[in-house]
1. I'd like to know if segment 404-420 contains one or more residues that are surrounded by 14 or more Cβ atoms within 10 Å (Cβ to Cβ), closer than 26 Å to Pro219 by Cβ and charged (D, E, K, R).
2. Can we say Ala122 is aliphatic (A, V, I, L, M) and either within 21 Å of Arg336 (Cβ to Cβ) or part of a helix (DSSP H, G or I) (or both)?
3. Quick check on my filter: what residues within segment 318-329 are in contact with a Phe, Trp or Tyr (Cβ under 9 Å, 6 or more places away or on another chain), at negative phi and open to solvent by 20 Å² or more (accessible area, probe 1.4 Å)?
4. Condition test on Phe168, is it more than 25 Å from Ser430 (Cα to Cα), assigned to a helix (DSSP H, G or I) and not aliphatic (A, V, I, L, M)?
5. Just to be sure I understand, how many residues within segment 42-71 are more than 22 Å from the chain's Cα centre (by Cα), open to solvent by 10 Å² or more (accessible area, probe 1.4 Å) and of a type outside the set (Phe, Trp, Tyr)?
6. Looking only at segment 94-117, which residues are of a type outside the set (Val, Ile, Thr), farther than 22 Å from Thr389 by Cβ and open to solvent by less than 50 Å² (accessible area, probe 1.4 Å)?
7. May I ask you to say which residue of Leu332, Leu358, Leu370 is in contact (Cβ under 8 Å) with a residue 24 or more places away in the chain and open to solvent by 20 Å² or more (accessible area, probe 1.4 Å)?
8. Identify the single condition in (1) open to solvent by less than 10 Å² (accessible area, probe 1.4 Å); (2) touching a Ser or Thr at 6+ places or on another chain (Cβ under 9 Å); (3) of a type outside the set (Lys, Arg) that Val120 does not satisfy, given that it satisfies every other one.
Amino acid sequence: MAESLTGRREFLKATGGAALTSALFTGNVKGANDKVNVAFIGTGRMGSGNIEYSSKVPGFEIVAVCDVYQPALERAQAEARRLGFGGVKAVKDFREILADKSIDAVSIATPDHWHAYLTVEACKAGKDVWVEKPACVYVEEGQKMVEAARKYNRVVQAGTMQRSGAFFQKAREIVKSGDLGDITFCRTFQAGSTEKGGFGNPPDSDPPAGLDWDLWLGPAPKRPFNANRWGVGDNRWSTFRYFWDYAGGAMTDWGVHLLDIVQFAFDEAMPVSISAQGGKFYTTDNTETPDTMLVTYHYPSFVGSYESRTANPFPMYGSGYGTSFHGTKATLMVKRGGYWIFPNEKGKEPIAETRKELSEMNVPHWKNFLECLRTRQKPISDIETCVRTTSTCILANLALRHNVTLDWDDKAFTVKQREIKPYLKAKYRSPWKLEV
């Protein structure tokens, strides 16, 4: 597996990340006029968004939705029908979706701790996959996701949709052109404000009607139901992402998007060492992940940083989030609303590109997925790219939680610190097993 990841990195470097390869040809190619039957596993806020985005891409036929929470399932079915897809079946157990041979592809937008297992099982079932970021919770899970995609010749697109955004593609082009000069520093950052009480401290309780809590937990440790562990609420992203059993906090939620553009621009390079500091310095709720965090990455040719401030919204470059590249000639900052170039030379005005029509990412990402389902090309966010970026984020959390600077062995795809290696491996609750 390590050789596969290393070889894949060189392949991506040579091809820009989306090259045609006969090795991925499955004999199951859809023609330009054939519909791709797709099912959606996980229909919360992100899953519902994917239903809408995919509906705007002629060529997808939404045939099924799946969720362990009955109200979410019913809403998703109604939404798919509203968008013009009749006969959409609603399924509570994902195994029924995977067993259905009429389904060509699945979209996975479950809580993070399910991403790896569902992706591997979908590949084994002969289905192509769209899986949301972060790719996984453990580094080993990511390796198995890549192994499954290659072994079963599946197209697996990750939900790091910024790669399909025109602003991010232009930023990558500028970085690679040398117009910024030699780049020795990259910054990723996010800032916002939260109340002292955060999401509160709800007591453990019975799950709400219509929720299969045991199936929601799946391979994660057995825990009593808690409203914040589940996390579904009005006008917010689910708070499961702030518990270590299921996710990695802001680092793997926002950080994966921000760092992905750094690694996109530098041909999927990963850092050689990682150190981190942070903690819950302000919020008093029952979530577990940091409210403040600072990570330093030593990449092969530059230093990178990730900064998360959820208790202070002070902006940088006039923005509350972004990815910046600092070169000997100029600095470039890019986010979803545009990119800005700040020349180092005094007297030169900044250059900005912020046209609204260029800001779309999600629909183009689904278009790329459809194209690759038909041509069997690797998609722009091929699963291996997301596994590499996700692993970069997971390593930061491990460095923080174990108070250690980690050294990364890219060839072996592991850390050099022996005491940390066990924490790279998935720990699944019986009877769930991650087997390729």
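1. No, segment 404-420 contains no residue that is surrounded by 14 or more Cβ atoms within 10 Å (Cβ to Cβ), closer than 26 Å to Pro219 by Cβ and charged (D, E, K, R).
2. yes
3. Filtering segment 318-329 down to residues in contact with a Phe, Trp or Tyr (Cβ under 9 Å, 6 or more places away or on another chain) leaves 318-327.
Applying the additional criterion that residues be at negative phi yields 319-321, 323-327.
Listed by number, the residues that qualify are Gly320, Tyr321, His326.
4. Here the answer is yes, as Phe168 does meet what is asked.
5. 5
6. The answer is Phe94, Leu98, Asp100, Asp104, Ala105.
7. Just one listed residue meets the conditions, Leu358.
8. (2)
The values are calculated or read from the model by the stated rules, or taken from the named source; none is laboratory data. Just so you know, these numbers come straight off a predicted model, no measurement behind them. Reconstructed Cβ throughout: ideal geometry from the backbone, glycine too, with neighbour counts over all protein chains shown. SASA here: full protein model, heavy atoms, side chains in, ligands and nucleic acids out. Shrake-Rupley method; radii C 1.70, N 1.55, O 1.52, S 1.80 Å.
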